[in-house]
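What follows is calculated from the coordinates using simple rules that are stated; it is not laboratory data. Treat the numbers as computed from the prediction; the structure is a model and nothing was measured. Virtual Cβ from ideal backbone geometry, glycine too; neighbours counted across all protein chains shown.
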Amino acid sequence: MVRDLKTMYGHLKRWSNTTDYYLESEYKRGSFIKKCVIVTIALHLLFVIAMGAVLLHYETHNPVTTPLMVYRTHIDEYPVKPVKFIPLKKIPDDIQKMVISIEDYKFYQHSGVDIEAIKRALVINHKVGYRMYGASTITQQLSRTLFLLPFKSMIRKYAELIIALEMEAILSKDRILELYLNYCELGKGVFGIKNASYYYFGRNIYNLSTDEKSRMLAILANPIVFSPYDFKNSKLITNRYYILKFRYYTYNKYKTMLQYASHQ
C-alpha cells in the first residue's frame, strides 16, 4: 500500500514538473511573440514617420540624389549624371500624356495602388505564360526610384506599397508626376527625361520627333537592358513603342483638328 502511494506520488510529481515546464515554455514563447509584435509595430511607425518627413521635404525641394543613383554609381559603377530638373509646366504636354497612357492610365483616379491593374496583369501574365505586364503605378515606381534599391523581394514590395500610399497622402498628383519624369531611370546612369533626351538623341526634349519620344519612353519598362534603338528582341518594349507612337499620333492629330476648328 505504502509502495503504491509512493509510486503514485512520483508520477504526480513528474507530471507536475512537466506541466510547470510546459507552462513556463508557453509563457516565454508568448512573451517573445509579444515583444516581436511590439518591435514590428515600432519599426513600422518609425518607417512611416521617417518617410513622411522626407516626403514633406520633397513637396517643395528636389532630391539631390537617391539610393538608386548611389547604388548605380558605387555598385554597378555606372557614370551617373546629375538630374537636369524640368518643372512640370515646362515638360511637353504630349510627353506627360504618353507616359501616363503607357505606364498608368488611371494615374489621376487611384490612390497610389491600382487593384484593377493588378488583377488584369495577373490574368494577362497567366495567359501568355510569363511576366509580360506589371501593375505598378507611377506612384509605386517613383517610390522605388526615390527610396529603394533594385532588389526584388516581398519586403521591398511591402515597403513600396507603404511609401506609395503615404506619398499620395502628402504630395499632389502633379508633383508626383513631375518627380517621376525627372528621376525615372532611362539608361545606365541616365535619370530623367532631359538627360535621356541629350544622351540618346543629342538635343532637348522640345526638339524630339514623335518616333524618338516613343522610343525613349518605351524603354522605361527595362532601361538597363534596352536602348531606344535596340529593343527588337523584346516583345514587351516593341509593343509599348507602337502603342505610344499610335496614341501620340492620334492625340496630336485630334489636337490639330481642334486648333483648326477653333480658327474657323
Practice problem: Hey, can you grab everything whose amide H is under 5 Å from the amide H of Leu186? Only 5+ residues off in sequence or another chain; H modelled, so Pro and N-termini drop out. | Solution: Phe191, Gly192
Quiz item: Across the stretch 162-170, in residue order, what do the Karplus-derived ³J(HN,Hα) couplings come to in whole Hz, using 6.51 cos²θ - 1.76 cosθ + 1.60 with θ = phi - 60° and x for Gly and Pro?
Solution: 4, 4, 4, 5, 5, 4, 5, 7, 9
Practice problem: Distance check, please: which entries in Lys89/Lys232; Lys90/Lys235; Lys90/Lys119; Lys97/Lys235; Lys188/Lys245 exceed 28 angstrom between their Cα atoms? | Solution: Lys89/Lys232; Lys90/Lys235; Lys90/Lys119
Practice problem: Run through every distinct alpha carbon pair of the stretch 59-256 and return the Kirkwood hydrodynamic radius in angstroms, one decimal place. | Solution: 17.3
Quiz item: What FRET efficiency comes out for the pair Lys188/Ile33, r = Cβ-Cβ distance, R0 = 45 Å, nearest 0.05?
Solution: 0.50
Practice problem: Arrange the following residues from fewest to most other Cβ atoms within 10 Å of their Cβ: Leu142, Leu181. | Solution: Leu181, Leu142
